[in-house]
Amino acid sequence: PPNSSYVPKDPIALLEIQLRRIRATSPTFGRRQRIRLVGEPIIHNIAKVADCIGSLAFPPTDFLLDSRADTLVRVAPELRRALKTIEASSHTLHLCLIGIENFCTEELVRFNKGIAAAGNLAAVRTLFELESEFPGRFFFREHGGLSLITFNPWTTPEQLDLNLAVVELLNLERVSGKLFSGRLRMYKGLPLELRARREGLVVQAYDDPLLDTASRNFYEDEIPWRFKDP
């Protein structure tokens, strides 16, 4: 992490060590492998990652990776080079999680996301383009998709309508995770938690215990909230 005192070694060198050990110790029993590549250095060095994969005698493998929306747009040329590298192989690249969060700029500003709605739309367009240019090699629909935070205490019906309209227009229903259940998890000490308390939007408990998704997904305890707009 950026705030850590740990100074990592060359991430590609580490990746090669890890992949070699996976190849040496993980039998496939004739099945196709799936390897999750975790961490920002992967997408930021995706062309080198592909070169590393290509240099190893790996059995057919699906490589799963994550990306921020703005990072995806920025590294698209390198991602294309990476896909051309593995095009002759039997490997594939899957973008299994991309944090779109919202298609409303006002909401993205509230989340301090550092990207506007136009940037998220550019990321979605990049996904469509890569899927079309590299059929059978690039995927984003199978293992996850677009992560959304559709609801927070200040969401208005108009903002919700905008999100649903974009999802419907671009036919993203099946790849938009938690479209109707993606809520902001509010934790103690966050600026939004302080704002919610100031505006009286923090509650003792949810009426429906199933809304407490943090406890069901092994996250730290969240602070229950209500909508400002009745």
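Taking the residues in segment 207-230 that are in a loop (DSSP other than H, G, I, E, B) and either open to solvent by less than 40 Å² (accessible area, probe 1.4 Å) or touching a residue at least 60 places away in the same chain (Cβ under 8 Å) (or both) as candidates, determine which candidate is farthest from Trp154 (Cα to Cα). Outline the logic, then answer.
Restricting attention to segment 207-230, the residues satisfying the condition of being in a loop (DSSP other than H, G, I, E, B) are 207-208, 212, 217-224, 226-230.
Going one step further and asking which of them are either open to solvent by less than 40 Å² (accessible area, probe 1.4 Å) or touching a residue at least 60 places away in the same chain (Cβ under 8 Å) (or both), we end up with 222-224, 226-229.
Working: Glu222: 17, Ile223: 15, Pro224: 14, Arg226: 9, Phe227: 6, Lys228: 6, Asp229: 7 Å.
Here the residue is Glu222.
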| query | Somewhere in segment 92-103, is a residue surrounded by fewer than 19 Cβ atoms within 10 Å (Cβ to Cβ) and modelled with pLDDT of 95 or more? | reply | no
| If you take the residues in segment 49-64 that are touching a His at 6+ places or on another chain (Cβ under 9 Å) and surrounded by 19 or more Cβ atoms within 10 Å (Cβ to Cβ), which one is modelled with the lowest pLDDT? | Phe58
| task | Only residues that are among the polar types (S, T, N, Q), over 12 Å from Glu107 (Cβ atoms) and within 17 Å of the chain's Cα centre (by Cα): list them for segment 141-182, please. | result | Ser147, Ser176, Ser181
| query | Which of the residues spanning segment 123-140 are over 20 Å from the mean Cα position of the chain (by Cα) and part of a helix (DSSP H, G or I)? | reply | Ser132, Glu133
| Name the residues in segment 17-48 that are of a type outside the set (S, T, N, Q) and open to solvent by less than 60 Å² (accessible area, probe 1.4 Å), would you? | Leu19, Ile22, Ile35, Leu37, Gly39, Ile42, Ile43, Ile46, Ala47
| request: Scan (1) closer than 21 Å to Leu95 by Cβ; (2) in a helix (DSSP H, G or I) for the single condition Glu16 breaks and write down its number. | output: (1)
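So for segment 123-130 (the condition being touching a strand residue (DSSP E or B) at 6+ places or on another chain (Cβ under 6 Å) and open to solvent by 60 Å² or more (accessible area, probe 1.4 Å)), does at least one residue qualify? Walk me through how you get there before you give the answer.
Kept after step one, since they are touching a strand residue (DSSP E or B) at 6+ places or on another chain (Cβ under 6 Å), are these residues of segment 123-130: 130.
Now restrict to residues that are open to solvent by 60 Å² or more (accessible area, probe 1.4 Å): none.
Taking every residue of segment 123-130 in turn, none turns out to be touching a strand residue (DSSP E or B) at 6+ places or on another chain (Cβ under 6 Å) and open to solvent by 60 Å² or more (accessible area, probe 1.4 Å).
Please tell me if Arg174 is exposed (fewer than 15 other Cβ atoms within 10 Å of the Cβ), outside any strand (DSSP E or B) and touching a Gly at 6+ places or on another chain (Cβ under 8 Å). Show your work before the answer.
Working: exposed (fewer than 15 other Cβ atoms within 10 Å of the Cβ): yes; outside any strand (DSSP E or B): yes; touching a Gly at 6+ places or on another chain (Cβ under 8 Å): yes.
It is true that Arg174 is exposed (fewer than 15 other Cβ atoms within 10 Å of the Cβ), outside any strand (DSSP E or B) and touching a Gly at 6+ places or on another chain (Cβ under 8 Å).
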| Quick check: is even one residue across segment 125-148 in contact with a helix residue (DSSP H, G or I) (Cβ under 8 Å, 6 or more places away or on another chain), basic (Lys, Arg), without any contact (Cβ under 8 Å) to a residue 40 or more places away in the chain and within 29 Å of Leu83 (Cβ to Cβ)? | yes
| query | What are the residues in segment 150-182 that are of a type in the set (A, V, I, L, M, F, W, C), out of contact with any strand residue (DSSP E or B) (no Cβ under 9 Å at 6 or more places or on another chain) and in contact (Cβ under 8 Å) with a residue 60 or more places away in the chain, if any? | reply | Trp154, Val166
| note | Going through segment 75-91 in order, the residues found to be at pLDDT 95 or above, buried (at least 17 other Cβ atoms within 10 Å of the Cβ) and not in a loop (DSSP other than H, G, I, E, B) are Ala76, Glu78, Leu79, Arg80, Ala82, Leu83
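The values are calculated or read from the model by the stated rules, or taken from the named source; none is laboratory data. Bear in mind that the values here come from a model prediction, so they are computed numbers and not experimental data. As a convention, Cβ positions derive from the backbone with ideal geometry for all residues, glycine included, and neighbour counts pool all protein chains shown. Calculation scope for accessible area: heavy atoms of the full protein, side chains included, ligands and nucleic acids excluded. Shrake-Rupley method; radii C 1.70, N 1.55, O 1.52, S 1.80 Å.
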